[in-house]
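Undergrad: The structure follows.
What follows is calculated from the coordinates using simple rules that are stated; it is not laboratory data. What you see is a predicted model; the values in this text were computed from it and never measured. Glycine also receives a Cβ, built like all others from the backbone with ideal geometry; neighbour counts cover every protein chain displayed.
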Amino acid sequence: MKVDVLVAEIGSTTTLVNAFNIYDTIEYLGSGVANTTVDTDVREGLQEAIKCLENTLNVEGLTYNEMFASSSAAGGLKVTVSGLVYEMTVRAAKEAALNAGANIHLVTAGILDEDDLERIVSIKPNMILVAGGTDYGEKKVAIENIKKVEQLQLNIPIIYAGNIENHYGIDKYFKHSSQKNYLKVVENVYPRVDFLNILPLRQAIHETFEEHIIHANGMKHVKEMVNQSIMPTPGSVMESTMIISETLGNVMTIDVGGATTDIHSIATPSEEFKKYSEGYAKEKRTVEGDLGVFVNFKKVLEALDKTQLKARLNINDKELNKLINNYTYMPKTPLERKLVYELTKVCVHKALDRHVGDLMKVYTSNGQKFIPEGKDLTQIQTIILTGGPLIHLENTEVIVEEYLENNPQKLLPKNKVDILKDHDYIMSSIGVLSLKHKEESIQLLKQSFRIHR
């Protein structure tokens, strides 16, 4: 059997392959899944997932015209970010990196010192971002930092997205450097005060990821199977969120996984709070590395009141301990599913706490006022749920509804929102597919969300 497109999602624990037809008809055909063989060769897991897909489709032998991939294997895209002032260029570069699907392991402000450089080396990042200074503003910090990063001789991609006046000096400095092929210079991510220019850096991160990053054993050879784009999995989910926002308006995606909970939002501020939103990008992604239902489930469990948990599960101490000791990321019994539901609720609520802005009570000479702080999501019209727990468990929409009802101090939508599920579990596939087939990708997302318009 020949299909138009395969898209592989090579994750830290599992590898998923989705099949689509997009040429004559636009349809999702099915998926196959296998364990990611990150310790040996990720091709093995990818080939097993394709065999699983063949079984799902009840065919022998599967060929394809195009194959795309996203990857978060071996920890995903590890990045360090260095800028000038934390609340300005550092935050801008950090937002762009998160937006592109990176996992940020170090953020520094000001000139890098010996401790900073030592930490960068110990982290073993896949990529280093250097920013600093508005265009035609401060020059010294960014130029010093880019030189210090070059001197580390790490042989990894270095992206400069700072003051445009440094471009000549950087090109001159790197001209005879062994690191010159690792350097990429892009538009300033913070060209003027309170203006974030995220998209050029985001695109550069995606391109650099595909050109240079080898995350896991065998990834280099995956390109022998994948004849189209490869991008970080979280970046692919953000890409899906961005393209569907063109149809649905202001939108937020909640993605609960085994290791992290990511929230992606595309939203313009309300007229009421617009003047307070200078310097905030329309697109925002947060990743919570301590909120996951498998890798971090014990941390999440600590946030639950054990007495209330036992009451909701209708079990005693002995049964709860047994349930926890036998916990796996694939719940099989109704009781296990109930536990995962409670863990998922904690992940969603805590991640929303961190992503969504707040209404802060302040006292002025004119009396009490409420001032917004953080991302204004009052204009969100649609919330999309993706990630295994939110898709496969029942009534997960209620988790979000409860949060919306019980957090009046947050900058959340006041009007009714549509809560949709990524039923076909394809958002992480569609984002990378949309880089070449945007209109078809939008149609596939609408089908997965069960939107009939």
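Undergrad: Compactness ratio of the range 77-212: Cα Rg over 2.2 N^0.38 Å, N = residue count? Write out the running numbers ahead of the final one.
TA: On the way: Rg = 13.0 Å, N = 136, 2.2 N^0.38 = 14.2 Å.
For the range 77-212, the normalised Cα radius of gyration comes out at 0.91.
Undergrad: Among TYR23, TYR276, rank each residue by its count of other Cβ atoms within 10 Å, from fewest to most, as a rough exposure measure.
TA: Ranked by crowding around the Cβ, least crowded first: TYR23, TYR276.
Undergrad: Here is a follow-up. Tell me, what HN-Hα J-couplings in whole Hz come from the Karplus equation 6.51 cos²θ - 1.76 cosθ + 1.60 at θ = phi - 60° for each residue of the range 49-55, using x for Gly and Pro?
TA: 5, 5, 4, 4, 4, 4, 5
Undergrad: While we're on this one: Using the charge dipole of the chain (Lys, Arg: +1 at Cβ; Asp, Glu: -1 at Cβ; taken about the Cα centre), state which of SER236, ILE391, TYR64 has its Cα farthest towards the positive end.
TA: Towards the positive end, the residue furthest out is ILE391.
Undergrad: Provide, in order from the shortest bin, the percent of all Cα-Cα pairs of the range 252-351 in each 5 Å bin, continuing until the bin that contains the maximum pair distance.
TA: Once binned at 5 Å, the Cα pair distances of the range 252-351 give 2, 12, 21, 18, 14, 10, 8, 6, 5, 4, 1, 0.
Undergrad: What is the set of long-range amide H partners of THR37 at a cut-off below 5 Å, with H atoms built 1.01 Å from backbone N?
TA: Amide H neighbours of THR37: GLY45, LEU46.
Undergrad: Between the DSSP loop rule and a limit of at most 13 other Cβ atoms within 10 Å, which chymotrypsin sites (Phe, Trp or Tyr not before Pro) in the range 65-139 are left?
TA: Listed in order of number, the matching sites are TYR136.
Undergrad: Using only the alpha-carbon atoms, what does the range 232-448 span along each of its principal axes? Please give whole angstrom values in decreasing order.
TA: Taking the Cα atoms of the range 232-448, the three principal extents are 56, 53, 27 Å.
Undergrad: Hey, another quick one. Using the Karplus curve 6.51 cos²θ - 1.76 cosθ + 1.60 with θ = phi - 60°, what ³J(HN,Hα) values do you get for each residue of the range 77-84, in whole Hz, with x for Gly and Pro?
TA: Karplus values, whole Hz, x for Gly and Pro: 8, 7, 10, 10, 10, 10, x, 8.
Undergrad: Further, regarding this structure: Can you run phi through the Karplus equation (6.51, -1.76, 1.60; θ = phi - 60°) for the range 20-32 and list ³J(HN,Hα) in whole Hz, with x for Gly and Pro?
TA: Along the range 20-32, the couplings run 9, 10, 9, 7, 8, 10, 10, 7, 8, 9, x, 9, x Hz.
Undergrad: Considering the range 152-269, what Rg and Dmax in Å follow from its alpha-carbon atoms?
TA: 17.4, 50
Undergrad: I've got another one for you. Evaluate the charge dipole of the range 77-212 about its Cα centre and quote only its size in Debye, nearest 20, assuming +1 on the Cβ of each Lys and Arg and -1 on the Cβ of each Asp and Glu.
TA: It works out to roughly 220 debye.
Undergrad: Mind sorting out which of (i) 60, 57, 49; (ii) 84, 61, 41; (iii) 66, 61, 48 is the real Cα extents along the principal axes in Å computed from the coordinates?
TA: The value matching this structure is (iii).
Undergrad: Are there trypsin sites (Lys or Arg not before Pro) in the range 66-107 that DSSP marks as loop and that have at most 15 other Cβ atoms within 10 Å, and which are they?
TA: Listed in order of number, the matching sites amount to none.
Undergrad: Quick check on the chain: of the DSSP beta bridges with both residues there, what percent are antiparallel, nearest 5%?
TA: 50 percent
Undergrad: Shifting gears a bit: How would VAL90, VAL237 line up from fewest to most surrounding beta-carbon atoms within 10 angstrom?
TA: Starting with the residue having the fewest Cβ neighbours, the order is VAL90, VAL237.
Undergrad: Considering only DSSP beta bridges whose two residues both sit in the range 77-212, what percent are antiparallel, to the nearest 5?
TA: Roughly 5 percent of the DSSP beta bridges within the range 77-212 come out antiparallel.
Undergrad: Follow-up question, since we're still on this one. Only Lys, Arg, Asp and Glu count, each charged at its Cβ (+1, +1, -1, -1), so figure out the dipole size of the range 232-448 about its Cα centre, rounded to 20 debye.
TA: 420 debye
Undergrad: Another question about this same structure. May I ask for the net charge around VAL417, where only other residues with Cβ less than 12 Å from the Cβ of VAL417 are counted and Lys, Arg are +1 while Asp, Glu are -1?
TA: Values: positive: LYS414, LYS416; negative: GLU397, GLU401, GLU405, ASP418.
Surrounding charge for VAL417 is -2.
Undergrad: Quote the relative contact order of the range 1-97 in percent (integer), defining contacts as alpha-carbon pairs under 8 Å separated by 6+ residues.
TA: 30 percent
Undergrad: In debye, nearest 20: dipole of the chain around its Cα centre with unit charges on the Cβ of K, R (+) and D, E (-)?
TA: 600 debye
Undergrad: Okay, moving on. Counting other C-beta atoms within 10 Å, and keeping those with at most 15, which DSSP coil GluC sites (Glu not before Pro) do you find in the range 25-90?
TA: Sites meeting the loop and neighbour criteria: GLU60.
Undergrad: Still on this structure: Along the three principal axes, how long is the range 186-341 when you take its alpha carbons, biggest first, rounded to the nearest angstrom?
TA: Projected onto its principal axes, the Cα set of the range 186-341 covers 59, 52, 28 Å.
Undergrad: Below 27 Å, Cα to Cα, which lysines can LYS414 reach? Residues fewer than 8 away in the same chain don't count.
TA: Cross-link targets: LYS274, LYS275, LYS282, LYS284, LYS345, LYS350, LYS361, LYS369, LYS375, LYS446.
Undergrad: List the residues whose amide H sits under 5 Å from the amide H of LEU183, counting only those 5 or more places along or on another chain, with H placed 1.01 Å from N in the peptide plane.
TA: ILE158
Undergrad: Report, by chain and number, residues whose modeled amide H sits under 5 Å from the one on ASN197, excluding near sequence neighbours (fewer than 5 apart, same chain).
TA: TYR190
Undergrad: In vacuum, with every alpha carbon of the range 1-129 counted as one equal point scatterer, what does the Debye formula give for log10 I(q)/I(0) at q = 0.11, 0.15, 0.16 Å⁻¹? Two decimals, please.
TA: Treating every Cα as an identical point scatterer, log10 I(q)/I(0) equals -0.55, -0.77, -0.81.
Undergrad: Turning to a different aspect of this structure: Write down the Kirkwood hydrodynamic radius of the range 301-384, to one decimal in angstroms, obtained as one divided by the mean of 1/r over all alpha carbon pairs.
TA: Across the range 301-384, the inverse of the average 1/r is 16.1 Å.
Undergrad: I need THR134, THR40, THR386 ordered by Cβ neighbour count within 10 Å, fewest first.
TA: Ascending Cβ contact count within 10 Å gives the list THR40, THR134, THR386.
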